[in-house]
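Asker: Okay, here's the structure, questions in a sec.
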Amino acid sequence: MMHSHMNHANFAALEIAVGIIAAVALCLYLSAMLISNRKYSKWKASRYFWWVLGIIFAASALSGPLAELSHDNFIAHMVGHLLLGMLAPLLIVFSRPMMLLMRTLPVQTAKRVSHLLNSRYVKFITNPTAAAILNIGGLYLLYMTDLFTLMHTSLWLYALVHLHVFLAGYLFTISIIYTDITTHRYSFIYRGIVLVLALGFHKVLSKLIYAHPPGSILKTEAETGAMLMYYGGDIIDLMLIIILCYQWYRSTAPKPGKARPI
């Protein structure tokens with residue numbers, strides 16, 4: 001069992017803040033859809049569905065029954081980790097938020113955002129290797145050091161760690177699969193290699209957690225949580241592999257009306 005040293009009132013304040021942010025995110029996306037529809041072709045409603053699911057899954061890791069339970073139960077914490085750092089980013093990527101943003105912004109503002117997306121900094125953090133290090137490396141830092149225990153003593157540290165988990169997961173996802181606006185493209189082979197390596201390191205981490213539980217977690221909880229991380233991560237990673245392979249196939253398949261070269 002985990003023991004939180006933070007006041008539950010502080011957790012309640014964080015849950016309220018997360019709930020407000022989630023509600024604002026849902027409203028902003030819907031508003032952007034309406035604005036975009038007046039300027040361009042109709043934005044697919046299915047993308048709003050992915051956005052809603054992604055926001056709900058991300059928010060549930062920090063607000064509501066699952067978040068409340070995760071303060072004292074490592075298994076619930078690991079469910080939240082999978083939702084916040086893996087599934088929610090994947091769903092949000094399919095909602096194409098950057099493309100919608102660029103369609104909604106005034107021309108001059110869109111140009112400034114485009115300039116930012118083309119900057120060296122963005123190119124660096126969206127490189128699959130850098131994104132994988134931020135994502136998987138951050139998890140090693142969380143579970144293999146005292147950071148896991150420390151974050152349960154500080155509300156700000158707790159919030160920052162979870163923000164990193166979400167953002168790093170999102171960066172890694174957009175670095176592997178290209179469905180939204182992507183200014184810096186890398187080969188399918190390179191992205192595939194990084195994905196397989198990241199999957200391997202994720203598996204190794206789950207085994208380390210199984211053998212050496214962080215903090216004061218009960219061994220039985222650590223074992224179940226580690227297995228959940230191992231197999232639950234496999235399912236989401238399999239989704240990434242399937243999507244990447246499908247995109248690879250689409251890029252190499254003959255276009256309709258064009259014969260294969262002899």
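The values are calculated or read from the model by the stated rules, or taken from the named source; none is laboratory data. Remember, predicted model here, so these are calculated numbers, not experimental data. No Cβ is skipped: glycine too gets one built from the backbone with ideal geometry, and neighbour counts run over all protein chains shown.
Asker: Going by what's in this entry, would A131 be described as buried (at least 21 other Cβ atoms within 10 Å of the Cβ) and either modelled with pLDDT under 95 or under 19 Å from T182 (Cβ atoms) (or both)?
Answerer: For A131, the condition - buried (at least 21 other Cβ atoms within 10 Å of the Cβ) and either modelled with pLDDT under 95 or under 19 Å from T182 (Cβ atoms) (or both) - is met.
Asker: Residues to consider are G232, G215, G225; find the one that is over 30 Å from K44 (Cα atoms), part of a helix (DSSP H, G or I) and touching a helix residue (DSSP H, G or I) at 6+ places or on another chain (Cβ under 6 Å).
Answerer: G225
Asker: Going through segment 121-179 one residue at a time, which ones are outside any helix (DSSP H, G or I), more than 23 Å from K203 (Cα to Cα), within 18 Å of the chain's Cα centre (by Cα) and β-branched (V, I, T)?
Answerer: T179
Asker: Could you grab the pairs with beta carbons closer than 8 Å, sequence gap of 6+ or different chains, first residue in segment 127-152 and within 21 Å of I174 (Cα to Cα), second one loosely packed, with under 15 Cβ neighbours inside 10 Å and of a type in the set (F, W, Y)?
Answerer: Within 8 Å, the pairs are P128/Y190; A130/F124.
Asker: Could you tell me whether any residue of segment 196-207 is aromatic (F, W, Y) and either more than 15 Å from the chain's Cα centre (by Cα) or part of a loop (DSSP other than H, G, I, E, B) (or both)?
Answerer: Yes: segment 196-207 contains one or more residues that are aromatic (F, W, Y) and either more than 15 Å from the chain's Cα centre (by Cα) or part of a loop (DSSP other than H, G, I, E, B) (or both).
Asker: Please go through segment 130-155 and give me each residue that is among the β-branched types (V, I, T) and closer than 17 Å to H212 by Cα, ordered by number.
Answerer: T145, T149
Asker: Return the residues of segment 55-109 that are touching a residue at least 24 places away in the same chain (Cβ under 8 Å), closer than 24 Å to T179 by Cα and polar (S, T, N, Q); say none if nothing qualifies.
Answerer: S95, T104 - these are the residues of segment 55-109 that are touching a residue at least 24 places away in the same chain (Cβ under 8 Å), closer than 24 Å to T179 by Cα and polar (S, T, N, Q).
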